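*Asks:* Dropping the structure in here first, questions after.
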Amino acid sequence: KSDFKTRGEDITLLGIGYTTRVCMEAAALLEDQGYSVEVLDLLSLSPMDDDAILSSVQKTRKIVIVDEDYPRCSVASDISALVAEEAFDYLDAPPKRVTAPHAQVPYSRPLEALYVPNKEKVVSAALEVLE
């Protein structure tokens, strides 16, 4: 089962593993701007907690999925498809993914920090969905 780290009304940020921490950091920044943010920690990929994902989207009507993987053929794309297929009528905006770019992983700590999702990228994506 998934773990709701925070409960909110305006947007769902969904994290997978490490990116849950990134979602929590982004949620704090968004809450400083007056938004009510729900953070969902997807603890298991198989089985995936579809019910938690869909119930959160039905409530907030917006979702940003944060994943360290590539944008294609990833858990983020699978969740985005689930939301589009099963909760389309509830959405106020298309599901948004924040992932690593579709490029090779750099072998350098400073470059890797630019490569993986961070709180700034998540906040930017969330604001696109919210506005």
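*Asks:* Kindly establish whether E68 is at pLDDT below 95 and farther than 21 Å from K1 by Cβ.
*Replies:* Numbers: at pLDDT below 95: yes; farther than 21 Å from K1 by Cβ: yes.
In short, yes.
*Asks:* Just checking, which of Y107, Y35 is in contact with a strand residue (DSSP E or B) (Cβ under 9 Å, 6 or more places away or on another chain), in a loop (DSSP other than H, G, I, E, B), among the hydroxyl-bearing types (S, T, Y) and over 15 Å from Y18 (Cα atoms)? Reasoning before the result, please.
*Replies:* Details: Y107 fails: in contact with a strand residue (DSSP E or B) (Cβ under 9 Å, 6 or more places away or on another chain).
It is Y35.
*Asks:* Okay, moving on. Please count how many residues of segment 55-78 are in contact with an Asp or Glu (Cβ under 8 Å, 6 or more places away or on another chain) and surrounded by 16 or more Cβ atoms within 10 Å (Cβ to Cβ). Before the answer, list the steps.
*Replies:* The initial filter retains those residues of segment 55-78 that are in contact with an Asp or Glu (Cβ under 8 Å, 6 or more places away or on another chain), namely 56, 59-62, 74-76.
Going one step further and asking which of them are surrounded by 16 or more Cβ atoms within 10 Å (Cβ to Cβ), we end up with 56, 60-62, 74-76.
Qualifying residue count, segment 55-78: 7.
*Asks:* I'm told L43 meets every condition in (1) under 23 Å from V123 (Cβ atoms); (2) touching a residue at least 24 places away in the same chain (Cβ under 8 Å); (3) among the aliphatic types (A, V, I, L, M); (4) not in a helix (DSSP H, G or I) except one. Can you identify the failing condition by its number?
*Replies:* Going through the list (1) under 23 Å from V123 (Cβ atoms); (2) touching a residue at least 24 places away in the same chain (Cβ under 8 Å); (3) among the aliphatic types (A, V, I, L, M); (4) not in a helix (DSSP H, G or I), L43 breaks only (1).
*Asks:* Read through the list (1) in a helix (DSSP H, G or I); (2) at pLDDT below 95, then give the number of the only condition that M24 fails.
*Replies:* Condition (2) is where M24 drops out.
*Asks:* Follow-up. Report the residue count in segment 51-77 for those that are closer than 21 Å to R21 by Cα and either in a loop (DSSP other than H, G, I, E, B) or not aliphatic (A, V, I, L, M) (or both).
*Replies:* 10
*Asks:* Looking at (1) assigned to a loop (DSSP other than H, G, I, E, B); (2) in contact (Cβ under 8 Å) with a residue 12 or more places away in the chain, can you tell me which one S80 breaks?
*Replies:* Answer for S80: the failing condition is (1).
*Asks:* I need the full set of residues from segment 3-38 which are farther than 20 Å from D92 by Cα, among the hydroxyl-bearing types (S, T, Y) and buried (at least 19 other Cβ atoms within 10 Å of the Cβ), in order please.
*Replies:* Within segment 3-38, T19, T20 qualify.
*Asks:* Which residue out of K62, K1, K5 is within 11 Å of the chain's Cα centre (by Cα) and basic (K, R)?
*Replies:* Going through K62, K1, K5 in turn, the sole match is K62.
*Asks:* Follow-up. Over 20 Å from T6 (Cα atoms) and modelled with pLDDT of 95 or more - does that describe any residue in segment 97-104? Spell out how you get there, then give the answer.
*Replies:* At the first step, the residues of segment 97-104 found to be over 20 Å from T6 (Cα atoms) are 99-104.
Narrowing the set further to residues that are modelled with pLDDT of 95 or more leaves 99.
Scanning segment 97-104, I find at least one residue that is over 20 Å from T6 (Cα atoms) and modelled with pLDDT of 95 or more, so the answer is yes.
The values are calculated or read from the model by the stated rules, or taken from the named source; none is laboratory data. Remember, it's a predicted structure, so these values are computed and weren't measured experimentally. Methodologically, a virtual Cβ is constructed for each residue, glycine included, from the backbone with ideal geometry; neighbour enumeration extends over all protein chains shown.
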